[in-house]
Amino acid sequence: MAEFTLELNDDQKQVRDWLHGFAADVIRPAASEWDEREETPWPVIQEAAKVGIYSLDFYAQQFFDPTGLGIPMAMEELFWGDAGIALSIVGTGLAAVGVLANGTEEQIGTWIPQMYGDADDVKVAAFCSSEPDAGSDVASMRTRAVYDQAKDEWVLNGTKTWATNGGIAGVHVVVAVVDPELGSKGHASFIVPPDTPGLSQGQKFKKHGIRASHTAEVVLEDVRVPGHCLLGGKEKLDRRLARARERAASGGERVKNAAMATFEASRPAVGAMAVGTARAAYEVALEYAKTRTQFGRPIIDNQGVAFQLADMRTQIDAARLLVWRASWMAATGKPFTSAEGSMSKLYASETAKKVTAQAVQILGGNGFTREYPVERMHRDAAIYTIFEGTSEIQRLVIARTLSGMPIR
């Protein structure tokens, strides 16, 4: 049995330091500008592509780290730089993972390279799942996909919302209902290729935080995609739907929703993003407290400030450990018997909100201005308790898992 350790190996440390350098030298200097502009930071994404960070190869290497720590380590460092820009860099990964998880080898080889483009012509992709009336409640999804057998095409109609890169992406991955009677078991995912007629950008959202990341509605009006754009293929879909119908007819035990199981495994990555933002705000507050003087001494000399910083650091480290545990469990195939993925996301996201608020308080009036980055970090941190399952949903998942009861 391998010796237990929390020490990163030499390769992991090298990657961490490389990412930290990029975050410090490229992302942070651009953070304020792109937050104010509320636009996709294409030049920064291009720089990330040039050095190999914005690429499938990089994320694949981190994903297949046998310890499970590659992805959370990368997320923490990039989001330490700036949450909005970092989300613009990693947002394509949401769509790429959707293809990797459900697509055939041919689909993976065809579409994922198109999602990223290259260093001279970078592209982005969008994963479109949420709808105006179906966020956490995936069973209420209304976007429909109907198969036109004569033309071997799927026809998609509906509206998606909260889509990162929605409308500006080349490739969109769209989740749609193919059998309404099966609820969430009747969903499938589709590739919508670049320039497909009928797909358009709806409202672009003016957001409280992560403003450098493009978030918009995606409108689908009689969007026709070839049959080979159904992820996994029609034979696989037909088999899955048949099994779901058999279970429904026999009153068999309800099978855990595959999408929710995927979310449970991916939530630690969101927790790592939150840890990065919290750590960044803590570091600013610590340095400020050591250099800001009041009544003839640094404000960290006062227990009221020093104890806050002690709590902030303790909570950040605790959040990171929960994220690392869940990431290790996912990588080693250990079941989340206590919803450890949701635990990590819940605690880390709540920590980010609390720590960034404390950082603003420690900086006082300066913390409330845009001259200091904690104001932006506090706005950015609000998203972590909302996307990929709200804190309330995380608590529901944890409570249901612990109790075995259908808590509502």
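Worth pointing out:
- Listed by position, the helices (runs of 4 or more DSSP H) contained in the stretch 323-408 that have at least 1 residues being within 30 Å of Pro298 (Cα to Cα) are 340-363, 374-381.
- Number of positions in the stretch 376-408 that are in contact with a helix residue (DSSP H, G or I) (Cβ under 6 Å, 6 or more places away or on another chain), surrounded by 15 or more Cβ atoms within 10 Å (Cβ to Cβ) and on the phi < 0 side of the Ramachandran plot: 11
- Here Leu241 fulfils each of the conditions (1) over 27 Å from the mean Cα position of the chain (by Cα); (2) on the phi > 0 side of the Ramachandran plot; (3) crowded, with 16+ Cβ neighbours inside 10 Å apart from (2).
- On inspection, Thr159 passes the criterion of being open to solvent by 40 Å² or more (accessible area, probe 1.4 Å) and either within 30 Å of Ser391 (Cβ to Cβ) or touching a Cys at 6+ places or on another chain (Cβ under 8 Å) (or both).
- Applying the criterion of being free of Cβ contacts under 8 Å to residues at least 60 places away in the same chain and of a type in the set (A, V, I, L, M) to the residues of the stretch 127-144, the residue that is most open to solvent (accessible area, probe 1.4 Å) is Ala139.
- Restricting Leu87, Leu78, Leu6, Leu94 to residues that are open to solvent by 20 Å² or more (accessible area, probe 1.4 Å), under 25 Å from Arg320 (Cβ atoms), touching a residue at least 12 places away in the same chain (Cβ under 8 Å) and not in a loop (DSSP other than H, G, I, E, B) narrows the list to Leu94.
- Listed by position, the strands (runs of 3 or more DSSP E) enclosed by the stretch 132-180 include none that has at least 2 residues that are within 26 Å of Gly84 (Cα to Cα) and small (Gly, Ala, Ser).
- Failed item, numbered, when Leu56 is tested on (1) aliphatic (A, V, I, L, M); (2) over 23 Å from Phe387 (Cβ atoms); (3) open to solvent by less than 70 Å² (accessible area, probe 1.4 Å): (2)
The values are calculated or read from the model by the stated rules, or taken from the named source; none is laboratory data. Source: prediction; values computed, not measured. Every residue, glycine among them, receives a Cβ derived from its backbone with ideal geometry; neighbour counts consider all protein chains shown. Remember, those area values only see protein heavy atoms, side chains included, never the ligands or the DNA or RNA. Shrake-Rupley method; radii C 1.70, N 1.55, O 1.52, S 1.80 Å.
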